[in-house]
Amino acid sequence: MTAETTIDSSARPGAGNGAPTRIDPVVRARPAGALRDIATIAGRSLRAVPRDLEAVIPPVLIAFFFFVVNIGTLENLTQGSIQGFDYKSFEMATAVLLGVTGVSRAQALVVDVQNGYFNRLLLTPVRRSAILVGHMVADVAVSSVLCIPILGLAFALGIDFQTGVLGVLAFILIAALWSLTFAGFGYAIALKTGNPAAVNSSFLLFFPFLFLTSSYVPRDQLSGWLDTVAGWNPVTYLLEGLRSLALVGWEWSDLGKAALALLIVFCISFGLCFAALRARIRQR
Amino acid sequence: MQNHPSSHQPAISARGLRRTFGDLTAVDALDLEIRRGEIYGLLGPNGAGKSTTVKMLCTLLAPTGGQATVAGYDIATQPQQVRLNIGVALQEVALDPKQTGLELLRLQGRLYGLSKREVDQRLAELRSLVDIGDALERRIGTYSGGMQRRLDLAAALVHNPEVLFLDEPTTGLDPLSRARVWDEVRRLNEQLGMTILLTTQYLEEADELADRVGIVDAGRLVAEGTPTELKRRIGTDLVIVRIGGDPEAAKRALDGVYGVEAVEGHGHELTVSVAEGSASVGPIAIALHDAEVTVHDLTLRTPTLDDVFLELTGAHLTNNEELEEEYA
């Protein structure tokens, strides 16, 4: 504990006489350190999750729904026309990305901006970047946990990972990093606008990313403009990397492309959200 | 290079502090010097620039001109040091409704680098201020306005700041809660020597709490002094006369009347400064009667800070109804 002792016991405190103030041994503030700042903000975010279940339950239900319906709709068709094709394993990556894309505390951050709590944080010595990074650390944790029930359903359906337990962990890590990367757009909008409705609109990005790609059938089955767009969509490479872990094994070329695609989108979304944070905390 | 403040420096010092928003000048060349251990009241009506001043001094808003130090640190170049040494309760409570009161205070303590033991110690000390019993374990969203305001103040005090900013700390509080906050402000100042800058619209609050009062109007500091000094500017006693007819004629009628030191007219209200109120009421009433001025009512009272504000700016700080209520 840092304690300050009496400086001048003769001075009467509270006199406003300009004399040195007597400070009794008391608790005094000091910089907490970057890691502690991040852990404190992340802890608050994680505590809020069970109180805000409506933000995390629907994505999992949507993932379950599309996983089951797509298998029912397309399994026979695809496996009948592509020899040795395992549609359940193929579709698992799509289901997981459906479940974790857009899961973030951006909506909570915008509420903080609106009710003034963001200003209370700015009045403390907390590192400004830690306010954002703390939320993001919580996002990664939440996304990782959300992968578990979806993968549980996959295992219940008989899906096997060629890369074993390590592959499952890599799969969860990549999915969570994608969730974090996509969340950057939501945070950028939250900090730029301070408007919850605008944050909701970031969901519009979800559709081109998740559907203009090889979500339902392999890339070589796509044709015309959709094939061209899928070629430019980073999620295509992310899906291929994730699928390779279940279907092929440690396929470094697919994993490398997935990492590169992730990195490109990460640089864009984080560039935007940290620029928005700088603008928000600038003392306008 | 880090500049460390000397304990002889003022707690808050501002020179030509200015803030504009487009064409609007919210704070205009404000000079302020608040000594360590002082309670300083910034008194003014809504829109006078009080909150903007506080936001600049507590590093939420950059000045567009001038400079200032708080706890000896420059608000522009050493904002982090300023933040470590100040506590702030802004006009609007700034709380997270989904946390419990306890969670919020603990989190606040952690952000100021306090250990768990230190946070526990401060929570024990602050419980009497928050005074919401078991509700501290409940979510803040369920609190009443008064409970939220007290928690907001406690959050500003978790780290035992050297300088405390209170922006209209008792607005919206019931009389009991207001008295409790006043007691706490006095205790913090007397026992810990905490410097406190409070903004208020309540005359009584500035009068009761502040060692010195700065009166602000339209972004400028128009007068400064102890409440007694400020009120002494007006005279020993005041006779307030509401009249019908021509105010100029009424003022002329009071010229040379026994005990009358000055007469200010504001519409149909005359503020007559007199040396000895009880001896002057009669002659004033007679002089007005002789001049055939209709007198609706005539009141003798001691000067208030509102009278000072009226003399300096030509407007009341509070409307008459509020004033009457406050002094009833």
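Quick check on the protein assembly as shown: what does the Kirkwood estimate of hydrodynamic radius come out to from the alpha carbon pairs, in Å?
One over the average 1/r among Cα pairs gives 28.4 Å for the protein assembly as shown.
Can you return the lysines within cross-link range of A:K192? Criterion is Cα-Cα under 26 Å, with same-chain partners fewer than 8 residues away left out.
B:K55, B:K98
What are the membrane-span-like helices in chain A by this rule: whole DSSP H runs, Cα extent along the axis at least 27 Å, mean Kyte-Doolittle hydropathy at least -1.0?
Span-like helices in chain A: A:57-81, A:128-156, A:164-193, A:252-281.
Any chance you could give the angle, 0 to 90 degrees and rounded to 10, that helix B:101-111 forms with the longest Cα principal axis of chain B?
70
Quick one: which residues, 5 or more positions from B:G65 or on another chain, have an amide H under 5 Å from its amide H? H modelled 1.01 Å from N in the peptide plane, none for Pro or chain starts.
Those lying under 5 Å, H to H, from B:G65 are B:R18.
Across the range B:57-71, in residue order, what do the Karplus-derived ³J(HN,Hα) couplings come to in whole Hz, using 6.51 cos²θ - 1.76 cosθ + 1.60 with θ = phi - 60° and x for Gly and Pro?
Rounded to whole hertz, the list is 5, 9, 6, 7, 9, 7, x, 9, x, x, 8, 7, 10, 10, 6.
Quick check on chain B: of the DSSP beta bridges with both residues there, what percent are antiparallel, nearest 5%?
Percent antiparallel among DSSP bridges in chain B is about 70.
How many percent of DSSP beta bridges within the protein assembly as shown run antiparallel, rounded to 5?
About 70 percent, rounded to the nearest 5.
For a 26 Å ceiling on Cα separation, which of these pairs sit above it: B:K50/B:K251; B:K50/B:K231; A:K88/A:K257; B:K50/B:K116?
B:K50/B:K251; B:K50/B:K116, as the Cα separations exceed 26 Å there.
Can you bin the range A:127-263 into rounded, prolate or oblate? Criterion: square roots of the alpha carbon gyration tensor eigenvalues sorted a ≥ b ≥ c, rounded for a/c under 1.5, prolate for a/b above b/c, oblate for the rest.
Oblate.
Positive end of the dipole of chain B, charges at C-beta (+1 Lys, Arg; -1 Asp, Glu), about the Cα centre: which of B:M56, B:V272, B:H316 has its Cα farthest in that direction?
Towards the positive end, the residue furthest out is B:M56.
Considering amide H positions built from the backbone, and no H for Pro or chain starts, which residues 5 or more places from A:A32, or on another chain, come under 5 Å of its amide H?
B:G113
Can you run phi through the Karplus equation (6.51, -1.76, 1.60; θ = phi - 60°) for the range B:276-292 and list ³J(HN,Hα) in whole Hz, with x for Gly and Pro?
9, x, 5, 7, 9, 4, x, x, 5, 4, 5, 4, 5, 5, 4, 8, 6
By how many degrees, 0 to 90 and rounded to 10, does the Cα axis of helix B:116-130 deviate from the longest principal axis of chain B?
The two axes meet at around 30 degrees.
Can you list residues from other chains, or at least 5 along the same chain, whose modelled amide H is less than 5 Å from the amide H of B:D217?
Excluding prolines and chain starts, which carry no amide H, the hits are B:V222.
Per residue, how much space in cubic angstrom lies within the convex hull of the C-alpha atoms of the range B:12-226? Don't skip to the end; give the middle numbers.
Working: hull volume 24.8 nm³, N = 215.
Once divided by residue count, the hull of the range B:12-226 is 115 Å³.
Considering only C-alpha atoms, what is the centroid distance from the range B:216-279 to the range A:176-252, in Å?
74
Every number here is computed from the coordinates shown, using simple stated rules; none is lab data. Bear in mind that the values here come from a model prediction, so they are computed numbers and not experimental data. Positions of Cβ are generated from backbone atoms using ideal geometry, with glycine treated the same way; all protein chains shown enter the neighbour counts.
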